[in-house]
1. Which one of A:V17, A:V33 is part of a strand (DSSP E or B), touching a residue at least 12 places away in the same chain (Cβ under 8 Å) and either surrounded by fewer than 19 Cβ atoms within 10 Å (Cβ to Cβ) or more than 16 Å from ligand 2 (Cβ to nearest atom) (or both)?
2. Have a look at A:R141, A:R116, A:R129, A:R146 and point out the one that is of a type outside the set (V, I, T) and in a loop (DSSP other than H, G, I, E, B).
3. With the checklist (1) outside the structural domain of A:D158 (by TED's automatic domain parsing); (2) at pLDDT 95 or above in hand, flag the one item A:R65 doesn't pass.
4. Return the total of residues in the range A:1-57 being touching a strand residue (DSSP E or B) at 6+ places or on another chain (Cβ under 7 Å), on the phi > 0 side of the Ramachandran plot and more than 14 Å from ligand 1 (Cβ to nearest atom).
5. Within the range B:201-216, is there a residue that is within 30 Å of A:S91 (Cβ to Cβ), of a type in the set (A, V, I, L, M, F, W, C), free of Cβ contacts under 8 Å to residues at least 60 places away in the same chain and within 14 Å of chain A (Cβ to nearest Cβ)?
6. Filtering the range A:45-60 down to residues that are among the charged types (D, E, K, R) and within 11 Å of chain B (Cβ to nearest Cβ), which residue is farthest from the chain's Cα centre (by Cα)?
7. For B:L136, indicate whether it is assigned to a helix (DSSP H, G or I), surrounded by 15 or more Cβ atoms within 10 Å (Cβ to Cβ) and either basic (K, R) or touching a residue at least 24 places away in the same chain (Cβ under 8 Å) (or both).
8. Quick check on the range B:180-196: of everything there that is surrounded by fewer than 20 Cβ atoms within 10 Å (Cβ to Cβ) and more than 16 Å from A:M90 (Cα to Cα), which residue is farthest from the other protein chains (Cβ to nearest Cβ)?
Amino acid sequence: MADIVLSNVHKVYGHVVAVTDINLAIKDREFVVLVGPSGCGKSTTLRMIAGLEEISAGTIAIGGRVVNHLQPKDRDIAMVFQNYALYRHMSVRDNLAFGLRNRRVPADEIAAAVSRAARILSIEPLLDRRPHQLSGGQQQRVALGRCIVRNPKVFLFDEPLSNLDAQLRAQMRLELKELRLRVPTTSIFVTHDQTEAMTLGDRIVVMKDGVVQQVGTPLELYRKPANRFVASFIGSPSMNFITLRVSADGEHFALACHGWQFRLPARRFPHLGSHVGRSISVGVRPQHVRLGAPVNDDQIALNGAVTVTEQLGDEQLLAVRLGDGEIRIAGADPDLSLPTGTQIEAAIATDHLHFFDELEQI
Amino acid sequence: MTDIAAAPARSVGFFFALAPRGKAVFFALAATAVCLLFAFPVFWLILTSLRTGTGVYYVHRGTEFTTDNFHEVLSQEIVLRALFNSFMISTLATVLSLGVTATSGYMLSRFKGPIPNAWFSLIYIFRCVPYVAWVLPLYFVTQKLHIFDSYWGLLLPHIAVHICFFSWIMKGFFDGIDPSMEYAAMIDGCSRWGAFWRVAMPAAVPGLTALAILCWLYTWNEFLFALILTAHETPILTVVMAQFVHELGMEWHLMSATAVIALVPALIVTLFGQRYVIRGLRI
Ligand SMILES: Nc1ncnc2c1ncn2[C@@H]1O[C@H](COP(=O)(O)OP(=O)(O)OP(=O)(O)O)[C@@H](O)[C@H]1O
Ligand SMILES: [Mg+2]
């Protein structure tokens, strides 16, 4: 039962700035996912919360208590590591009991806690094995079990699913969600996988180069990305970006690039006014491009030749040449035959357009 | 024979290019040669230890064998004392130096900063000094400290050498152990020291065992330090053995008998430990 507050947290390794000015308030029982590309400082942030890494500047508070100078063992947290970090010379049972024994919990309580955790995670038959006798998924469960036996204030996860194969990963994701219902505890989950972030998080923190880019619910991030980086990072396949030049055209703004142009009513897109005479980056998700001609005034048209198709069974992904670039389209009918060079017409609802000042990805 | 599968093997190398039968023969021959090479001196040693004093030089002087040499050697008080001393020195040096090498190897593996760096440089420098160059200074030092010809007078130099040489191997063992196990232990309620002692050390046991065996054998067989740093008070087996060569001649038969006696503990330790040594050096 604890909230976590990070205020102006910095981390510097010698000359390498790993994390810059993180401010984050995590509510009690909230499940927050830190996501970002490799090297963006996710693990560093998590390890500072765990107490495994010194905090260069700022404060971290858990349950209202500043923990900057507390040892990891005094922070009442539990952590799952990417490679599980099970104690390899101990049986599964001893792995689970280790933390409780260190805290001098009576033996009968330990036994009860271990069997409860084993039951929750269905690892009862494995209790007498050694870690090297377990599969990856089983080790993963033991690592989770080691966390839940102690009933800590906070769970920390550092890419716990990344060593599993795709199928097992999807299954463990579901199990993690079920586990949350049984053991509701404030959690921070680090991953570089946007699907994991979207499916698991109550809220998502997107990081890049040690800087927080956006904090929000999965839907907020998907619908209102704060910048081009978040827009391209969240969602799969990733968002299309087209650089267009804005000009005023009476009641409308005209946006144009080589090979494509359309008009948007000035009334509905007033913020474009400040960009007249300049270029802007327009983003549109592949899922929001529909094959076929526009059916109403709120849709804009797009024409191009198919360059590549990818068959997924329930849909096809298309790449369509548009001017100098390419635009990706998802959700095409899998039965459509679209050989390279086919001219297609597509429509985009103007609601689904995203506008970004940055022409290059930040 | 149309051996299509064998064709690409030719490019792999001589050994793989041989037909299976040829491979087996080659392997057997090579193994036998290597075994003979190493076993022959031991065989000769045992043979000599079972010959009479006059029978040593000429193989053709009869086929007379005797165990008298062993009786004679084992009735000499100095040999018995040397056996005991060698055993004690080897065991104590192993225990004491492993205590230090384990912690020092762990520090070198896990920590950065001025203290580990200074320690690293120190043992690096000492390692660069040729072993032989240590002996004479150590002689004077032990004299000055009044520990010449005592257990400590031999133990301390041995431990110092072990620390310089084996800290590196120990560092290697700990480098092979994932530190996140210790982080997990720290979160699970251990102090930093507790994580080392209760999680890293047990995980390093195969390596430690291997090192203990190597360390023990090394000390047991060591000659130079023992020769210079001990005298009559603390006879050491390797030195006593060499003393069968003296002004009155060379008592090869007695020397061989002592050598065979010295071989037995080493053999036991090796046989007991080879499993651990192989496993330990592999991690
Ligand atoms: N011990 C260290 N010394 C110096 N620099 C470090 C150290 N640990 C991390 N860094 C640097 O800090 C930055 C953030 O590292 P961090 O491990 O937090 O990344 P990450 O987001 O977890 O990446 P990944 O997804 O690859 O695990 C990186 O640029 C990394 O090089
Ligand atoms: Mg990481």
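The values are calculated or read from the model by the stated rules, or taken from the named source; none is laboratory data. Keep in mind the model is a prediction, meaning the values are calculated, not measured. Every residue, glycine as well, gets a Cβ built from its backbone with ideal geometry; the counts of neighbours run over all protein chains shown.
1. Details: A:V33 fails: either surrounded by fewer than 19 Cβ atoms within 10 Å (Cβ to Cβ) or more than 16 Å from ligand 2 (Cβ to nearest atom) (or both).
Residue meeting the stated conditions: A:V17.
2. On the way: A:R141 fails: in a loop (DSSP other than H, G, I, E, B); A:R116 fails: in a loop (DSSP other than H, G, I, E, B); A:R146 fails: in a loop (DSSP other than H, G, I, E, B).
One residue alone meets the criteria, A:R129.
3. Result: A:R65 fails condition (2) only.
4. Counting residues in the range A:1-57 that are touching a strand residue (DSSP E or B) at 6+ places or on another chain (Cβ under 7 Å), on the phi > 0 side of the Ramachandran plot and more than 14 Å from ligand 1 (Cβ to nearest atom) gives 3.
5. Within the range B:201-216 (the criterion being within 30 Å of A:S91 (Cβ to Cβ), of a type in the set (A, V, I, L, M, F, W, C), free of Cβ contacts under 8 Å to residues at least 60 places away in the same chain and within 14 Å of chain A (Cβ to nearest Cβ)), the answer is yes, since at least one residue qualifies.
6. Looking at the filtered set, the residue picked out is A:E53.
7. Working: assigned to a helix (DSSP H, G or I): yes; surrounded by 15 or more Cβ atoms within 10 Å (Cβ to Cβ): no; either basic (K, R) or touching a residue at least 24 places away in the same chain (Cβ under 8 Å) (or both): yes.
For B:L136, the condition - assigned to a helix (DSSP H, G or I), surrounded by 15 or more Cβ atoms within 10 Å (Cβ to Cβ) and either basic (K, R) or touching a residue at least 24 places away in the same chain (Cβ under 8 Å) (or both) - is not met.
8. Filtering the range B:180-196 for residues that are surrounded by fewer than 20 Cβ atoms within 10 Å (Cβ to Cβ) and more than 16 Å from A:M90 (Cα to Cα), the one farthest from the other protein chains (Cβ to nearest Cβ) comes out as B:W193.
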